[in-house]
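The values are calculated or read from the model by the stated rules, or taken from the named source; none is laboratory data. Because the structure is predicted, anything quoted here is derived from the model rather than measured. Backbone-built Cβ (ideal geometry, glycine too); neighbour counts: all protein chains shown. Note: areas computed on protein heavy atoms with side chains; ligands, DNA, RNA excluded. Shrake-Rupley method; radii C 1.70, N 1.55, O 1.52, S 1.80 Å.
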Amino acid sequence: MIFVHRRRFLSVAALATFTAACGSEAGSASRGVEKLAFRNPLRIPPLLQPKRDRKGVRTFELTMQQGRARILPGTQTATWGFNGPFLGPTLRAARGDVVQMAVTNRLAEAGTVHWHGMRLPARMDGGPHQTIEPGATWTPRWTIDQPAATSWYHPHPHGRTAAHVYRGLAGMFIVDDDERLELPSRYGVDDIPLILQDKRFGPDGASFSGDPLKGTFGILGDHVLVNGTYDPFLRVGTERVRLRILNGSTARMYHVGFADRRRFQVIGTDAGLMAAPVEVDRLSLTPGERAEVVVAFTAGEQVVLRSFGGDNDIDKGDLDLLRIVAVPRLEDSPAVPRRLADLAPIQPPQGARVRRFRLNGHDAINGREMDMARIDEVVPAGAVEIWEVENNVYAHNFHIHEVAFRVLDVAGSPPPAYTNGHKDTVYVPSKSTVRLAVQFGHHTDPASPYMYHCHILRHEDSGMMGQFVIVRPGTENQVPHTLPGAGHGH
Ligand SMILES: [Cu+2]
């Protein structure tokens, strides 16, 4: 009885806190984290059309800028965005395409843009070394060479990533390949991007509030925006809809499912389609992780997509995300194919190299803070290694640039079946070790590192990050472990 009473007390207290917080939003119609009114049509980020030159190179032009966005009713919020006030357009390219990005920085401070999930040369990766000064344009170019996937892009300036992402610099990057699968694939019609981001608003909603470098995790917001839309609904006109869900938050973990507990099919993980769909009623995403799912609807129904609360400190409370409204007559959709990708599991060879990474507190790995001038690991091109990530403290996750990995086990147990595809970011629960089979690429460059880090941005910015280079096999011992001119710290 005491337990029940205490829970009731907590929920009332939480509601009171929320109501007080909302009271400061002038004219706000916010209904609290549990009861959205679903008044606003979900914004679908526009597809950015690239310019094609005579050689077929596709150039995508992105400009980082400040702006003001209408998010809460009756007010404008100061934000940052790509090619607009808030968030960025969706990039889309196919395997084999030669793409060039022309990223112009119109902010008052230096930034970078990292292509999260892209397999590319380190100098094109947009990590903390590829700084774009105010007024400058950065033009990385590479050939898309990876399976179809839902990737994304966001800044990665060392010590400033949380601030840049929180203000709104993020967008989706869809990779296609020539697989002919009968999956929903009409962008914005039956193939819907969902970028989940939690925010706190300052007085009158004039800006986002909170310090992303404070506390254990930085900011855990009380409002969840989907594609930058507050209180959103989505009307669907097909029997099945594919959702590409990206956790673009700085710290929050979502346990995504439907209010009516309906089951749906997971078809893709971070790095692409799975071998076969996995049916679930819920899936978890920590910052930076993606999932592609297919959901079935019946004509005329309405259902709420929700994040269910958990006990991992970064996932407190149930949060409504989106109401989906099916029109009275739905277009037929083919069933989800039983086989999706021709996906060989990433298999470490006998005697594979094992590397161990201990996450320390909120700001170090293996006892060392990130140092821009230090190479921590040297990996031969094409290697498959076992990386063991140990976490003896509170919630963390782990992202490795450039690679695809398979989660071998979490605290000694197999991971949930729906994560059994290729990934680049993984949750590392408190007091556990996660083992990964990591497949490295073939772009060698002993002088340009890739990053691995916790994608809780408060931790990444504080130094829970390290650097590795990929080199020609046999040359590992010739690589200097300091980078001249890289500078230390941030
Ligand atoms: Cu962390």
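In plain terms, the chain from Asp145 to Ser413 could stretch by 93.2 nm, reckoned as 0.36 nm per residue minus the Cα-Cα distance.
How large is the charge dipole for the range 154-247, taken about the Cα centre, if only the Cβ atoms of Lys, Arg (+1) and Asp, Glu (-1) carry charge, to the nearest 20 debye? Intermediate results must be reported in sequence, preceding the final value.
Numbers: 11 positive and 13 negative charges, 73 e Å.
It comes to approximately 360 debye.
Taking the alpha-carbon centroid of each part, what is the distance from the range 179-203 to the range 322-373 in angstrom? Computed from Cα coordinates, the inter-centre distance equals 17 Å. Between Gln49 and Ile386, the simple spin-label model (points 7 angstrom out along Cα→Cβ) gives 5.2 nm. For Glu109 and Asn366, what does the FRET efficiency come to when R0 = 30 Å and r is the distance between their Cβ atoms, rounded to the nearest 0.05? In this case the efficiency is close to 0.50.
If you count the DSSP beta bridges with both ends in the chain, what percent of them are antiparallel, to the nearest 5? Display every interim value, and only then the final one.
Working: 86 of 124 bridges.
About 70 percent, rounded to the nearest 5.
As a length-normalised measure over Cα pairs under 8 Å and 6 or more apart, the relative contact order of the range 276-411 settles at 23 percent.
For a quick protection proxy, order the peptides 169-180, 76-87 by their average other-Cβ count within 10 Å, most packed first. Don't skip to the answer; put the middle values down first.
Working: 169-180: 19.2, 76-87: 22.0.
Taking the mean over residues of other Cβ atoms within 10 Å, the ranking is 76-87, 169-180.
Largest first and in whole Å, what are the equivalent-ellipsoid semi-axes of the range 354-478 based on the Cα gyration tensor, each being the root of 5 times an eigenvalue? Display every interim value, and only then the final one.
Numbers: eigenvalues 102, 68, 25 Å².
For the range 354-478, the semi-axes come out at 23, 18, 11 Å.
Rounded to the nearest 20, the size of the Cβ-charge dipole of the range 160-214 about its Cα centre is 600 debye, with Lys and Arg at +1 and Asp and Glu at -1. Distance between the pseudo-spin-label points of Gln66 and Arg200 (7 Å out from Cα toward the beta carbon): 2.2 nm. Here Ser207 and Arg339 are evaluated by their C-beta separation; at R0 = 60 Å the FRET efficiency comes out at 0.80. A 1.4 Å probe run over the range 390-490, with the rest of the protein chains in place, finds 36 Å² accessible per residue. The phi torsions of the range 157-167, fed into the Karplus equation with coefficients 6.51, -1.76 and 1.60 and a -60° offset, translate into couplings of x, 4, x, 10, 4, 4, 4, 5, 5, 4, 6 Hz, rounded to whole numbers, with Gly and Pro shown as x. If both residues of a DSSP beta bridge must be in the range 43-176, then about 65% of such bridges are antiparallel.
I want the antiparallel fraction of DSSP beta bridges within the range 354-478, as a percent rounded to 5.
That works out to approximately 75 percent antiparallel.
Straightening the chain between Arg374 and Val57 buys 110.7 nm, computed as 0.36 nm per residue apart minus the Cα-Cα spacing. For the range 397-433 and the range 37-116, what is the centre-to-centre distance using only Cα atoms, to the nearest Å? So the separation of the two Cα centres works out to 29 Å. Between the amide H of His156 and those of Thr112, Val113, His114, distances stay under 5 Å, these residues lying 5 or more places away or on another chain, with hydrogens modeled in the peptide plane.
The aspartates and glutamates within cross-link reach of Lys214, meaning a Cα-to-Cα straight distance under 20 Å and a gap of 8 or more places when in the same chain, are Asp198, Asp222, Asp313, Asp315, Asp363, Glu369, Glu460, Asp461.
Taking a Cβ cut-off of under 12 Å around Pro41, the surrounding Lys, Arg, Asp and Glu residues balance to a net charge of +3, with basic ones at +1 and acidic ones at -1.
State the percentage of accessible surface on the range 43-176 attributable to carbon and sulfur atoms; use a 1.4 Å probe and exclude ligands, DNA and RNA. Walk me through the numbers before you get to the answer.
Working: 2180 of 4790 Å².
Exposed carbon and sulfur together represent 46 percent of the surface.
Applying 1/(1 + (r/R0)^6) with R0 = 41 Å to the Cβ-Cβ distance of Arg261 and Ser430, what FRET efficiency is obtained, to the nearest 0.05? Each step should come with its number before you reach the end.
Details: r = 27 Å, r/R0 = 0.66.
Here the calculated transfer efficiency is 0.95.
Partners of Lys423 within straight-line reach, counting lysines whose Cα lies under 23 Å from its Cα and excluding those fewer than 8 residues away in the same chain: Lys431. For the range 354-383, the residues whose amide N sits under 13 Å from a probe point set 7 Å from the Cα of Glu476 along the beta carbon direction are 354-356, 377-383.
The modelled label-to-label distance for the pair Gln76/Thr216, using points 7 Å beyond Cα in the direction of Cβ, is 4.0 nm.
May I ask you to give the average projected area over all directions of the convex hull of the Cα atoms of the chain, in nm² rounded to one decimal? Write down the numbers at each step before the final one.
On the way: hull surface 94.3 nm².
If you wrap the Cα atoms of the chain in a convex hull and average its projections, you get 23.6 nm².
Near Glu109: Cβ cut-off under 15 Å, other residues only, Lys/Arg at +1 and Asp/Glu at -1. The net charge is +1.
Applied to the range 83-93, the Karplus parametrisation 6.51 cos²θ - 1.76 cosθ + 1.60 on θ = phi - 60° returns per-residue 3J(HN,Hα) values of 6, x, x, 8, 6, x, x, 7, 8, 9, 8 Hz, with x for Gly and Pro. Count Lys and Arg as plus one, Asp and Glu as minus one, and take only other residues whose Cβ is under 11 Å from that of Arg458; the net charge is then -3.
Dipole magnitude for the range 354-478: computed about the Cα centre from +1 point charges on Lys and Arg Cβ and -1 point charges on Asp and Glu Cβ, it is near 300 debye. Each of Ala136, Thr216, Ser249 was scored by the projection of its Cα onto the charge dipole of the chain, and the greatest displacement toward the positive side belongs to Ser249; charges sit on the C-beta of Lys, Arg, Asp and Glu. Peptide packing: for 139-146, 59-66, 325-332, 126-133, the average count of neighbouring Cβ atoms within 10 Å per residue gives the ranking 126-133, 59-66, 139-146, 325-332, highest mean first. Think of the range 369-490 as a dipole: +1 on every Lys or Arg Cβ, -1 on every Asp or Glu Cβ, centred on the Cα centre; then among Met451, Ser430, Met465, Ser430 lies furthest on the positive end.
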